[in-house]
Amino acid sequence: MKHPSCLFPFILVSLAIPGLGQPSPALQKRISQAIAAAANDSHPDYTAFVNPFIGTDNYGDVCPGASVPFGMAKFSTDMTGYAPAGYVVDPTQFIRGISPLHDSGTGSSLGTYGNFEIMPLLCPGGFNSCTTKLADRQRLRKSNTDDASPGYFSQTLDNDIKIEATATRRAGLERFRFPHRSKPYFVLDLANDLPVSFAGGQLNIDPQQGRVTIGGRWGSSFGPGRFSYQAFACYDLLDGGKQKLSEYGVWTGDSVGLDAKGLGQTHLNLSLNLIGGVYQSGALFSYANRPKTVNIRVGVSFRSEEQACANADSEIGSSTFEEIEAKAKALWLEKLSKVEIDIARTPPNVTEMLYSSLYRASLTPFRTFYPLMALHSPVEFAQIVDNYIDGWRKNGWMPECRANNLPGWTQGGSSADNIVSHFAVYYHNEAARLGINLNELYSALVTDGEVNPPEWNIQGRQVNVYNTGRQTREGSRTLEYAFEDFGIRQVAQLLGNAEDVAKYTQRSLSYRNVWDPSVVSDGFKGFSQKRYPNGTFAYTNPIDCSPNDKNDTRPCSLQGNNVNGFYESSSWEYSWYAPHDTAHLIQLMGGNATFIKRLDHFFDAGYYLAGNEPSFQTPIGYHYANHPAKSVDRVREVVFTNFDITPAGLPGNDDQAAMASLLSFHLLGLYPVPSTTQLLILSPFTPKYTIHNSFLNISTTVTTVNFDPRSVQKTIPAGTAAYVKNVTINGGEVVITLTANKTEADDCLGALPESISTGGFSKAR
């Protein structure tokens with residue numbers, strides 16, 4: 001069956017920076033050798049292609065620690081300086097300890113989690129000489145020693161103590177190798193965390209059982225300061241009887257000189273420091289017989305200390321470090337094997353970027369990952385959707401940007417709407433088998449769309465914002481709400497609710513309400529603007545809050561004095577945001593020719609931000625103006641300008657793998673239209689790949705005819721086949737034929753990507 005070259009409906013068939021000194025140079029050498037060796041391997045080890053350190057520099061905020069897919073536990077060291085994920089590649093920063101809870105890819109001034117840090121020590125003067133306080137115990141690491149792979153993490157301190165970790169879902173093993181004949185000491189922290197948010201807790205040492213249990217409350221890293229969350233940990237110190245404690249006790253200190261040790265004491269109970277300052281306190285213990293290697297088992301929980309210990313018992317038990325590491329690797333291999341590429345004919349850097357991105361995407365999924373998850377992991381997608389619906393069941397609205405098991409700040413709109421609607425359009429026929437009640441899903445959507453919550457800053461929407469409402473982020477929220485109404489419309493269509501289809505179709509066009517045709521910027525006319533309840537526009541310079549804004553103190557985020565009208569973005573950027581109705585947006589901007597000229601200017605003048613979600617679709621916007629070859633050129637430029645395989649290889653923070661998901665789609669030559677089953681087609685960076693969907697027991701293979709590896713660079717050389725001539729679909733076989741003739745390829749063959757205003761999305765899949 002022939003399809004236009006611009007899109008095809010998804011069918012449920014088989015579809016180190018030089019001089020920095022970290023990470024170890026052996027890491028990249030190992031990855032490169034694995035990719036080369038896999039060229040002729042019918043069952044390659046995809047975990048060997050993953051570089052966990054991509055994004056650990058340039059404010060990528062990636063956690064390279066040991067984890068399993070979607071794991072609660074992420075074991076990584078915590079470091080000084082700006083380190084939201086705990087780890088940073090910067091060798092001038094000090095290691096504070098290793099802890100089991102981290103986030104990955106989120107921006108934060110102070111950080112997230114970092115609870116329950118443990119730090120190995122050498123204390124030649126004995127128990128009372130140990131450097132327990134944060135500023136005293138921190139150490140640099142040895143150059144070129146940091147290493148990681150899926151399920152494993154290690155660093156070596158400058159005193160030659162090696163720290164290693166591996167993980168299960170809610171537990172892990174820490175292994176410490178000490179210099180010969182040294183006595184191992186450890187400081188275990190109760191109160192310190194990365195954001196300095198401790199709000200009280202307790203610690204107990206059971207010397208006979210060889211167990212330390214910890215529990216407490218900490219402040220949200222991305223939510224109202226009044227909220228606090230509970231976390232608990234269980235540290236088993238004896239390695240099933242193979243290790244013996246020598247000394248144990250507690251310590252406490254502060255920043256003005258207190259440094260007390262309590263040998264033999266077993267209990268701490270601290271409240272929030274009401275007078276001001278930061279509590280520092282925890283456990284201190286050592287091992288008898290000077291063992292060279294010490295193994296410590298750790299369980300974590302958000303429920304109780306008992307649950308933390310039970311998690312360690314059930315998930316690790318008496319397993320060795322190597323056994324747990326092998327299990328973690330097997331889980332990652334299962335996830336990464338969902339996408340198989342032609343390794344032999346794919347440029348090695350593309351292979352490394354792709355599998356590293358797929359890896360990060362399964363650490364902590366964000367909304368941009370769900371279209372990718374829909375292609376290969378419906379079981380996990382359904383579990384997440386059920387969690388969203390459960391939030392509606394319990395709290396009245398679906399959650400938004402939860403952080404630390406707490407309600408987080410609403411950023412754009414009610415983004416859960418597009419997540420659950422995307423699941424529905426893909427898997428409505430299989431929803432019941434996947435444990436999802438579509439009528440309940442739709443009720444949750446309608447609540448978000450119709451019921452104004454008491455506090456829309458943390459859940460739901462300020463529904464009456466279309467008419468009235470608080471004047472903050474009102475421009476971007478209207479645009480986001482309109483697209484979310486499109487998601488509701490899509491599910492109404494699936495359920496045959498014609499009245500709601502008409503209602504939410506009309507509401508999805510509300511993005512037009514904030515379009516001011518009189519605003520001019522850089523010679524282009526018409527921009528989205530904030531609008532007052534009486535219908536008048538409030539002028540915002542479209543350049544404000546863009547990379548070209550000369551005022552670097554302008555509030556552009558969640559600040560109460562942000563009067564820009566757009567959240568972490570500019571009008572120049574958000575004015576492209578109508579993914580479901582780009583055809584009408586083109587008309588608002590003056591037609592195809594002006595749209596193309598304006599889109600070129602958006603990139604060339606520096607308004608585009610690869611790391612900002614409102615910009616994600618813009619490189620593919622040329623498709624909608626019937627110039628798909630320009631999309632191919634622009635995506636190549638975007639990828640090789642903003643992404644690579646170094647620690648600085650992301651354009652800013654990974655945003656819980658939003659960058660990873662976007663890059664994965666770019667490399668596969670696809671771009672999803674959320675809340676639909678349509679994928680816009682570009683030129684893949686690989687000659688062949690297969691996407692496996694084990695739930696449906698089907699696979700889809702995409703073959704790129706005339707693939708030329710010379711096209712995989714920032715600027716495609718003239719005469720190189722890189723542009724989509726046509727697409728053929730035959731069951732589970734998709735063939736994308738490329739041509740070097742841009743004129744031949746620069747046409748969607750009479751069928752542009754769908755838009756509401758041109759009669760698109762008229763039928764449920």
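The values are calculated or read from the model by the stated rules, or taken from the named source; none is laboratory data. This one's a predicted model, so the numbers in the text were calculated from it and none came from an experiment. So basically every Cβ, Gly included, is an ideal-geometry build from the backbone, and we count neighbours across all protein chains shown.
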(message) Here is a list: 240, 216, 225, 264. Which entry is buried (at least 18 other Cβ atoms within 10 Å of the Cβ) and not assigned by TED's automatic domain parsing to the domain that holds residue 459?
(response) 216
(request) Kindly indicate whether residue 552 is out of contact with any Cys (no Cβ under 8 Å at 6 or more places or on another chain), among the acidic types (Asp, Glu) and either assigned by TED's automatic domain parsing to the domain that holds residue 409 or in a loop (DSSP other than H, G, I, E, B) (or both). (result) yes
(request) Kindly indicate which of 93, 33 is surrounded by fewer than 17 Cβ atoms within 10 Å (Cβ to Cβ) and at pLDDT 95 or above. (result) 33
(message) Looking at 286, 281, 246 in this structure, which one is polar (S, T, N, Q), closer than 18 Å to residue 116 by Cβ, part of a strand (DSSP E or B) and in the same structural domain as residue 175 (by TED's automatic domain parsing)?
(response) 281
(request) Can you tell me which residue within the range 243-253, out of those that are of a type outside the set (Ser, Thr, Tyr) and at pLDDT 95 or above, is surrounded by the most Cβ atoms within 10 Å (Cβ to Cβ)? (result) 251
(request) Quickly run through the range 734-759 and pick out the residues that are in a loop (DSSP other than H, G, I, E, B) and either at pLDDT below 95 or surrounded by fewer than 18 Cβ atoms within 10 Å (Cβ to Cβ) (or both). (result) 741, 746, 747, 748, 749, 750, 751, 752, 759
(request) Name the one entry in 532, 577, 504 that is in contact with a strand residue (DSSP E or B) (Cβ under 8 Å, 6 or more places away or on another chain), among the aromatic types (Phe, Trp, Tyr) and over 18 Å from residue 618 (Cα atoms). (result) 532
(message) Looking at the structure I just gave you, is residue 106 over 18 Å from the mean Cα position of the chain (by Cα), on the phi < 0 side of the Ramachandran plot and of a type in the set (Val, Ile, Thr)?
(response) no
(request) Mind listing just one residue for me: the one in the range 424-445 that is out of contact with any helix residue (DSSP H, G or I) (no Cβ under 7 Å at 6 or more places or on another chain) and assigned to a helix (DSSP H, G or I) and, of those, farthest from residue 507 (Cα to Cα)? (result) 439
(request) Would you be able to say whether some residue in the range 577-585 is out of contact with any Ser or Thr (no Cβ under 9 Å at 6 or more places or on another chain) and buried (at least 21 other Cβ atoms within 10 Å of the Cβ)? (result) no
(message) Looking at the range 537-576 only, could you name the residues that are of a type in the set (Ser, Thr, Tyr), out of contact with any Lys or Arg (no Cβ under 7 Å at 6 or more places or on another chain), farther than 20 Å from residue 109 by Cβ and surrounded by 19 or more Cβ atoms within 10 Å (Cβ to Cβ)?
(response) 546, 570, 571, 574, 575
(request) Could you list, in sequence order, all residues of the range 692-720 that are buried (at least 22 other Cβ atoms within 10 Å of the Cβ), of a type in the set (A, V, I, L, M) and part of a strand (DSSP E or B)? (result) 702
(message) Going through 113, 87, 59, 46 one at a time, which residue ends up being touching a Cys at 6+ places or on another chain (Cβ under 7 Å) and not basic (Lys, Arg)?
(response) 87
(message) One residue is enough: does the range 54-75 have a residue meeting the conditions more than 19 Å from the chain's Cα centre (by Cα) and at negative phi?
(response) no
(message) Here is a list: 278, 300, 256. Which entry is at pLDDT 95 or above and either surrounded by fewer than 19 Cβ atoms within 10 Å (Cβ to Cβ) or at negative phi (or both)?
(response) 300
(request) Scan the range 201-213 for residues that are closer than 27 Å to residue 84 by Cα and surrounded by 17 or more Cβ atoms within 10 Å (Cβ to Cβ) and jot them down. (result) 201, 203, 212, 213
(message) For the range 195-243, which positions are polar (S, T, N, Q), over 27 Å from the mean Cα position of the chain (by Cα) and within 17 Å of residue 115 (Cα to Cα)?
(response) 202, 204, 213
(message) Every residue in the range 379-419 that is part of a helix (DSSP H, G or I), more than 18 Å from the chain's Cα centre (by Cα) and buried (at least 24 other Cβ atoms within 10 Å of the Cβ), please.
(response) 417
(message) Take the conditions under 29 Å from the mean Cα position of the chain (by Cα) and either among the small types (Gly, Ala, Ser) or closer than 30 Å to residue 354 by Cβ (or both) and apply them to residue 322. Does it pass?
(response) yes
(request) Specify which of the listed residues (70, 116, 127) is surrounded by 24 or more Cβ atoms within 10 Å (Cβ to Cβ) and either closer than 28 Å to residue 327 by Cα or of a type outside the set (S, T, N, Q) (or both). (result) 116
(message) I'd like to know if the range 194-215 contains one or more residues that are of a type in the set (S, T, N, Q), closer than 30 Å to residue 52 by Cβ, modelled with pLDDT under 95 and touching a strand residue (DSSP E or B) at 6+ places or on another chain (Cβ under 8 Å).
(response) yes
